[in-house]
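What follows is a set of notes on a single structure, which appears directly below.
Quick note: the coordinates plus some simple rules give every number you see, no bench work behind them. All values derive from a computational prediction rather than experimental measurement. Positions of Cβ are generated from backbone atoms using ideal geometry, with glycine treated the same way; all protein chains shown enter the neighbour counts.
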């Protein structure tokens, strides 16, 4: 079972062996919501379905239950499980997710499945680019037909990935037991620019670890040893168990969550509403610099 990363040759072996496998392309562009589906139709791994950030991995309707706020609100675990059943996902099936944006978007599906207690989910290390660099086959077009028979996927009774809400985080800011890691670009973290949200800056006390820092020049995640070294240097004396990750809308923070898991610390907590929810939380405090 693969639970964090899988490389392209290992994925190819799973496909060749005919093992039960669900493959999802999560490519996306925050500034052009249709770009990812076009990229998918241009080229994708054979058998992969397209997972749209806005329609599958978020709950954009204010009339439906949400598990977080922000620009990309989480659907309820039950609603998400229903969506995955409709795609034919069954319990225990190995899931592999990928994108072509440095794991920025596919990490969201990895985390959501972990959140629902489905451990057999991994990110294709290096994404579509690594698959193509290995000379492995691709296809174009709309992809697989809708599932004829629903799967039996269910969310586990308790979340498999820890979540922190805005109000709990607001009450805990400044606690020595808590360390916030902000995955946004340094200029956004410092408050020098803010292209998407109404307030610039960061949560007081947050540390900055841009999500792209987890990747090497080849687009793959750095080694577990190097990731452990880098996060240890960032945290200093702070307890890794007290880490809470965030970004702009709860998406690009997840490569940091995944990197800490690869480094051996398990799945640390996520503030899924992130900065976009924090900006709209009454009484929230802000910092710059």
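Only residues that are crowded, with 16+ Cβ neighbours inside 10 Å and over 19 Å from the mean Cα position of the chain (by Cα) were counted across the stretch 150-172, and they come to 4.
Counting just the residues of the stretch 129-149 that are at positive phi and touching a residue at least 40 places away in the same chain (Cβ under 8 Å), which one comes out surrounded by the fewest Cβ atoms within 10 Å (Cβ to Cβ)? Step by step, filter the stretch 129-149, then rank; the result is 141.
Residues that are surrounded by 18 or more Cβ atoms within 10 Å (Cβ to Cβ) and part of a loop (DSSP other than H, G, I, E, B) within the stretch 239-272 comprise 247, 248, 249, 250, 251, 252, 253, 267, 268, 271, 272, listed in sequence order. Screening the candidates 234, 258 for the property of being closer than 29 Å to residue 28 by Cβ and within 18 Å of the chain's Cα centre (by Cα) yields one hit, 258. The residues in the stretch 76-100 that are more than 12 Å from the chain's Cα centre (by Cα) and within 20 Å of residue 272 (Cβ to Cβ) can be counted, and the count is 10.
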